[in-house]
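Novice: One structure, as structure tokens, below. Some questions next.
The values are calculated or read from the model by the stated rules, or taken from the named source; none is laboratory data. All values derive from a computational prediction rather than experimental measurement. Using ideal geometry, Cβ is built from the backbone for each residue, glycine included, and neighbour counts are taken over all protein chains shown. Side chains included, ligands, DNA and RNA excluded: accessible areas come from the protein's heavy atoms. Shrake-Rupley method; radii C 1.70, N 1.55, O 1.52, S 1.80 Å.
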Amino acid sequence: MTPAEFIAKWGPGGPAATLSERSGAQPYFMDLCALLGVPTPGSAGDYLFEQHALVLGEARGYADVFYRNRFAWENKAPGKNLDAALRQLQQYSLALGNPPLLVVCDRLIIRIHTQFNGHPSETHLIRLPDLANPVKQQLLRRVWLDPESFRPHQTTRTITEAAARSFATLAEQLRARGHGADQVAHFLTQCLFCFFAEDVALLPGRMFERLIDNRNRSSEQLTDGLRNLFQTMRAGGSFGADDIPWFNGGLFQHINVPPLEPTAIAELRNAAQMNWSAIDVSIFGTLFERGLDPAKRSQLGAHYTDPATIARIIDPVITRPLLQQWEQAAQELQALTAKIKRHGDAAYKKAHGRFIQWLETLRAFRILDPACGTAGFLISAWKYILDQNKEHKPGDKLTPDERNKLAANIHGYDISPDMVRLSLVNLYLHGFTDPHIVEYDTLTSEERWNETADVILANPPFMSPKGGIKPHKRFSVQATRSEVLFVDYMAEHLSSTGRAAIVVPEGIIFQSGTAYKKLREMLVKNSLIAVVSLPAGVFNPYSGVKTSILILDRRRAKSCDSVLFVKVENDGFGLGAQRRAVDGSDLPEAKRLLTDFLTAPEKFENGPMAHAVKRAKIGENGEWNLSGERYVETVSVSGVWPSVALGELTKRISGGTPSKAEPSFWT
């Protein structure tokens, strides 16, 4: 098929133009394959029409075309909403193995959306007349033949770092002109919120970017314009031709915009040109904080918890335990519903009561991060809970009142007022109308000591100031080191069925100081169930520090007399500064082993990657050392073997020169 024939057939007025969405989808795609000279569905095992995907529970949907590790494709009738089609594909994406390309098409427009992990999404648009252009044909052909070529050159990390550097430079410029650190921090947090708010359409029509980029405004006019915008956001109302909603949460209660000089305006414009949809708030917050504090400028990028590490922690601490509870509830509900004879009978009421009990379990599920930074752990937990209550989109099974009750049980503390502001911004952008983030010193304040949580997730700061921490006296372990105190705090603030996952430096694992040993003893006796050793370099390029993940579960620890040690040597990425993807990740196997142990510890079989050790053995010498390799049992084999002279078994045929008297000398 030639381009002209294809355009004439499928264009407006063409013989196929009036076909319905369903009747036209496959013929259109087959003609497109013929035009491009690419394989058709069915020519490979994982290249199919209408590939079904398990979306949630037993609910199923399908992608119109699916080619594993290449693309998922959704066809619509001409003029239909392609944004809705993209959301539909995104809903199926995980079940389809996260193909790198999502393609939506209404037969007049083809949109290619990239979704490479760790890279910003990019969109390529091809209109029907463009198919006559060989360059556009080759672009589209790459969807089949070379999907990797669509991988964006920039990563989310590099874009985020550039944005953080821009804000750090802006903060330095404003401070250099005599503006106080608190004023600068609050103003830049307000600007940060506006950049992200534009990206999720909370502010209309890129208005913040347009306001900053207006070259006709003087410095005084821009300063006044920002002040007026923030005031409008505080109460809601009109700003120029745009209607601005009311933004609660307190971020705009205090407005003190510093006068902006040309250099500061240029840096703000530089930030405005960045792709804010690609910027990872969980990374940006830490870098932003260091940029605001002159003493921490040298630490830019020193350490943060990336989303992949957060996901690894969320899985054993929240995902799997809640899924197990849900599976048990689902089995009970299935048995109860089978007995229902009519709506409202006793069996119906009993089943309904059991379902309400499950919802109450979710609503009362309290999650805490006592050193929350920008709230990355809390948001991941929130997303998971919403996903467990999804029919078509996350959380749509919950009423507004139920969502509010869930959100009310998610709490975070941070000692830094800047981090508290950023956490509030981040949570607000993720749908929290009343975030519970408190400026609180976890180690030296005791007003909230009696609060407990069902789950504590944290990667707390483990740098102790000169002279150490001066904590209050309610800690079980008397210490001055922040890493000891933070882990102690988390272990002591779990509910009776509480769980925690904590990223810790190696000092916690094996340091021989009294406080370290006392802490490990308390953990092993009361709550520790697993230690996951991570390779040095998983936090590169921000830090090469060696870390482990401690998994605590107070309920399981009472009934399990062993601790599992898992050693991860390959997390799927190289350990250099670039962290490039590599083959042979240990994570799937580590996850399986951890699941097996948590499901049936008494049946767990030790192997090279993971082994269970009795709690009593860990404490035998009083060190309570948590280095898993220390407890690997080695088997020595010795024996007595008969000795035989080497000459009786061998004949020398080379290696020396025989005597001239020997015939072999002359041969």
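Novice: List every residue pair whose Cβ atoms sit under 7 Å apart, with the two residues 6 or more apart in sequence or on different chains, where the first one lies in segment 259-274 and is at positive phi and surrounded by fewer than 16 Cβ atoms within 10 Å (Cβ to Cβ) and the second, anywhere, is modelled with pLDDT under 90 and assigned to a helix (DSSP H, G or I).
Specialist: none
Novice: Scan segment 490-509 residue by residue and report those that are more than 26 Å from ALA536 (Cβ to Cβ) and of a type outside the set (S, T, N, Q). Steps first, please.
Specialist: So in segment 490-509, the residues more than 26 Å from ALA536 (Cβ to Cβ) come out as 492-499.
Matches in segment 490-509: GLU492, HIS493, LEU494, GLY498, ARG499.
Novice: If we scan segment 535-544, do we find a residue that is at pLDDT 90 or above and of a type in the set (A, V, I, L, M)?
Specialist: no
Novice: Any residue in segment 175-191 that is within 16 Å of ILE279 (Cβ to Cβ) and open to solvent by 10 Å² or more (accessible area, probe 1.4 Å)?
Specialist: Our first condition is that a residue be within 16 Å of ILE279 (Cβ to Cβ); within segment 175-191, this holds for 188-189, 191.
Now narrow it down to the ones that are open to solvent by 10 Å² or more (accessible area, probe 1.4 Å): none.
Among the residues of segment 175-191, not one is within 16 Å of ILE279 (Cβ to Cβ) and open to solvent by 10 Å² or more (accessible area, probe 1.4 Å), which makes the answer no.
Novice: Name the single residue that is surrounded by the most Cβ atoms within 10 Å (Cβ to Cβ) among those in segment 334-371 being touching a Lys or Arg at 6+ places or on another chain (Cβ under 6 Å) and of a type in the set (A, V, I, L, M, F, W, C).
Specialist: First, pick out the residues of segment 334-371 that are touching a Lys or Arg at 6+ places or on another chain (Cβ under 6 Å): 336, 347, 363.
Still in the running and of a type in the set (A, V, I, L, M, F, W, C): 336, 347.
Details: LEU336: 18, ALA347: 16.
So, considering only residues that are touching a Lys or Arg at 6+ places or on another chain (Cβ under 6 Å) and of a type in the set (A, V, I, L, M, F, W, C), the one surrounded by the most Cβ atoms within 10 Å (Cβ to Cβ) is LEU336.
Novice: Within segment 128-161, which residues are under 30 Å from ALA272 (Cβ atoms), touching a residue at least 60 places away in the same chain (Cβ under 8 Å) and either over 22 Å from the mean Cα position of the chain (by Cα) or crowded, with 17+ Cβ neighbours inside 10 Å (or both)?
Specialist: Matches in segment 128-161: THR156, ARG157, ILE159, THR160, GLU161.
Novice: Of all residues in segment 387-407, count the ones that are touching an Asp or Glu at 6+ places or on another chain (Cβ under 9 Å) and open to solvent by less than 40 Å² (accessible area, probe 1.4 Å).
Specialist: The first filter runs over segment 387-407 and keeps only residues touching an Asp or Glu at 6+ places or on another chain (Cβ under 9 Å), leaving 389-390, 394-395, 397, 404, 407.
Imposing the further condition that a residue be open to solvent by less than 40 Å² (accessible area, probe 1.4 Å) reduces the set to 389-390, 395, 407.
Counting residues in segment 387-407 that are touching an Asp or Glu at 6+ places or on another chain (Cβ under 9 Å) and open to solvent by less than 40 Å² (accessible area, probe 1.4 Å) gives 4.
Novice: A further question on this structure: Going by the conditions given, is THR497 touching a residue at least 24 places away in the same chain (Cβ under 8 Å) and not charged (D, E, K, R)?
Specialist: yes
Novice: Listed residues THR114, THR123; which is at pLDDT 90 or above, of a type outside the set (Lys, Arg), surrounded by fewer than 17 Cβ atoms within 10 Å (Cβ to Cβ) and closer than 26 Å to ALA278 by Cα? Spell out how you get there, then give the answer.
Specialist: Numbers: THR114 fails: surrounded by fewer than 17 Cβ atoms within 10 Å (Cβ to Cβ).
Result of the check over THR114, THR123: THR123.
Novice: Considering only residues that are within 36 Å of the chain's Cα centre (by Cα) and not in a helix (DSSP H, G or I), which ones fall in segment 215-238?
Specialist: Within segment 215-238, GLY236, GLY237 meet the criteria.
Novice: Can you tell me which residues in segment 477-510 are more than 27 Å from PHE365 (Cβ to Cβ) and not β-branched (Val, Ile, Thr)?
Specialist: If the condition is that a residue be more than 27 Å from PHE365 (Cβ to Cβ) and not β-branched (Val, Ile, Thr), then GLN478, ALA479, ARG481, SER482, GLU483, PRO505, GLU506, GLY507, PHE510 are the ones that fit.
Novice: Same structure again: Exactly one condition in (1) modelled with pLDDT of 90 or more; (2) aliphatic (A, V, I, L, M); (3) touching a strand residue (DSSP E or B) at 6+ places or on another chain (Cβ under 8 Å) is not met by LEU96; state its number.
Specialist: With respect to (1) modelled with pLDDT of 90 or more; (2) aliphatic (A, V, I, L, M); (3) touching a strand residue (DSSP E or B) at 6+ places or on another chain (Cβ under 8 Å), LEU96 is out only on (1).
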